[in-house]
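Peer 1: After the structure tokens below, expect a handful of questions from me.
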Amino acid sequence: MQNLKDLISRHAQDGRLRWIGLRPARRAEVLSVDEVEVTERGLRGDHGGSVKRGVTLIQQEHLTTIGAMLGRGPVLAQDLRRNLVIEGLNLAALKGRQLQIGNAVLEVTGICAPCSRMEEILGFGGYSAVRGHGGWCARVVTPGGMALDMLVTPL
């Protein structure tokens, strides 16, 4: 019988970076970019970075789930105001662990709760639709560059 630590450390596959978003200022439109430099405080050009919450991530698969909770198709990544959309990897299983994208290393630190703007952006019930699916915060362990379609590898 395998122990729980071994089971938790397994992932069927690496993920892929599918979208990168920068928030140049509070309440400003989110800009979609193809590549970005990651600094110690987050993504260069993003206003929201800090040491503890340098980067925000969400699973591609949750965009469809949130849309279903609203009775429609997938929501847009920029509507959720997260920095990175990751496909094919369960981010919840990575809490407290590190992952590498390009030559940058991030540590998944905790859940990224929805903000009150979700009602404004997504409409009635938007806040509740995002709860539990709103993504994760990460701190920057190793600054570096990343670009769309790069592998997201748990370390």
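Peer 1: Would you mind finding the one in 66, 86, 101 that is touching a His at 6+ places or on another chain (Cβ under 8 Å), buried (at least 23 other Cβ atoms within 10 Å of the Cβ) and not polar (S, T, N, Q)?
Peer 2: 66
Peer 1: Restricting to the range 101-133, name every residue that is closer than 17 Å to residue 89 by Cβ, touching a helix residue (DSSP H, G or I) at 6+ places or on another chain (Cβ under 7 Å) and at pLDDT below 95.
Peer 2: Within the range 101-133, 133 is the sole residue that qualifies.
Peer 1: If you scan the range 22-48, which residues turn out to be closer than 16 Å to residue 80 by Cα and either touching a strand residue (DSSP E or B) at 6+ places or on another chain (Cβ under 6 Å) or open to solvent by 40 Å² or more (accessible area, probe 1.4 Å) (or both)?
Peer 2: Those that are closer than 16 Å to residue 80 by Cα and either touching a strand residue (DSSP E or B) at 6+ places or on another chain (Cβ under 6 Å) or open to solvent by 40 Å² or more (accessible area, probe 1.4 Å) (or both): 22, 24, 25, 26, 27, 29, 30, 31, 32, 33, 46, 47.
Peer 1: Another question about this same structure. Here is a list: 67, 42. Which entry is more than 14 Å from residue 130 (Cα to Cα) and not aliphatic (A, V, I, L, M)? Show your work before the answer.
Peer 2: Values: 67 fails: more than 14 Å from residue 130 (Cα to Cα).
Checking each option against the conditions leaves just 42.
Peer 1: Are there any pairs, at least 6 apart or on different chains, whose C-beta atoms fall under 7 Å, with the first in the range 43-54 and assigned to a loop (DSSP other than H, G, I, E, B) and modelled with pLDDT of 75 or more and the second loosely packed, with under 14 Cβ neighbours inside 10 Å and of a type in the set (A, V, I, L, M), and if so, which?
Peer 2: Pairs found: 47/25.
The values are calculated or read from the model by the stated rules, or taken from the named source; none is laboratory data. Remember, it's a predicted structure, so these values are computed and weren't measured experimentally. Ideal geometry is used to build each Cβ from the backbone, glycine not excepted, and the neighbour counts take in all protein chains shown. SASA here: full protein model, heavy atoms, side chains in, ligands and nucleic acids out. Shrake-Rupley method; radii C 1.70, N 1.55, O 1.52, S 1.80 Å.
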